[in-house]
1. So, with +1 on the Cβ of K and R and -1 on the Cβ of D and E, and no other charges, what is the size of the charge dipole of the stretch 1-52 about its Cα centre, to the nearest 20 debye?
2. Tell me which of G11, F128, A72 sits at the most positive position along the dipole axis of the chain, charges placed on C-beta atoms (Lys, Arg +1; Asp, Glu -1).
3. Kindly express, to the nearest 10 degrees and within the range 0 to 90, the angle between helix 114-132's C-alpha long axis and the longest C-alpha principal axis of the chain.
4. Semi-axes of the equivalent ellipsoid for the stretch 1-52, please: Cα gyration tensor eigenvalues, times 5, square-rooted, ordered largest first, whole Å.
5. Of H31, W56, S45, which is farthest along the charge dipole of the stretch 9-84 in the positive direction, counting Lys and Arg as +1 and Asp and Glu as -1 at C-beta?
6. Relative to the longest principal Cα axis of the chain, at what angle does helix 3-50 sit, 0 to 90 degrees, rounded to 10?
7. Treating only the Cβ atoms of Lys and Arg (+1) and Asp and Glu (-1) as charged, compute the dipole magnitude of the stretch 54-132 about its Cα centre; round to the nearest 20 debye.
8. Rounded to the nearest 500 deg cm²/dmol, what is the calculated helix-only ellipticity per residue at 222 nm for the chain, with -39500 (n - 2.57) per DSSP H run of length n ≥ 4?
Amino acid sequence: MSVELLAMLGGGVSGFLMKFIAAQADAQSRHLEAMIRKQEAADQSADKAANRGGVWIRRVFVACILFAVIIAPFILAYSGHGVTVEREGLGGIFKLLGIGRDSWETVQGFVILPEVRQGMLAILGFYFGSSQVK
């Protein structure tokens with residue numbers, strides 16, 4: 001091969017590599033700009049969501065759960081009113097035969113539902129967990 005052919009081949013390969021590297025840099029730059037625009041849109045959406053008043057809704061939920069766990073049992077314990085609950089009877093074939101039916105029973109005090117207990121545990125976990133992070 002002649003020197004001119006090698007120089008032309010070398011120039012073509014180096015030109016291709018430079019063009020390829022420039023195209024890759026341009027694609028990476030466009031990708032980065034698109035990610036920045038996407039993050040700005042997410043930030044604007046989060047700001048709008050924060051301004052909708054969701055804080056007050058959460059505070060009302062916390063107040064209701066705290067009332068149900070702390071204050072309501074004391075009020076109902078001294079009021080003399082009962083809470084009617086269902087007592088499950090025997091199931092399966094006994095239920096079909098009419099033996100061991102469900103019954104209703106009035107108890108004194110306040111029944112704390114499992115959902116209220118789970119809500120209270122979530123509140124405690126959130127507030128104590130967030131107080132650990134400073």
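Every read-out reported here was derived from the displayed coordinates using simple, explicitly stated rules and does not represent laboratory data. Here the structure is a predicted model, which means the values were calculated and not measured. Glycine also receives a Cβ, built like all others from the backbone with ideal geometry; neighbour counts cover every protein chain displayed.
1. With only Lys, Arg, Asp and Glu charged at Cβ, the dipole is about 260 debye.
2. A72
3. The angle comes out at about 50 degrees.
4. Output for the stretch 1-52: semi-axes of 50, 4, 4 Å.
5. Result: W56.
6. 20
7. Using Cβ point charges on Lys, Arg, Asp and Glu, the stretch 54-132 gives about 200 debye.
8. Using -39500 (n - 2.57) per qualifying helix, the result is -23500 deg cm²/dmol.
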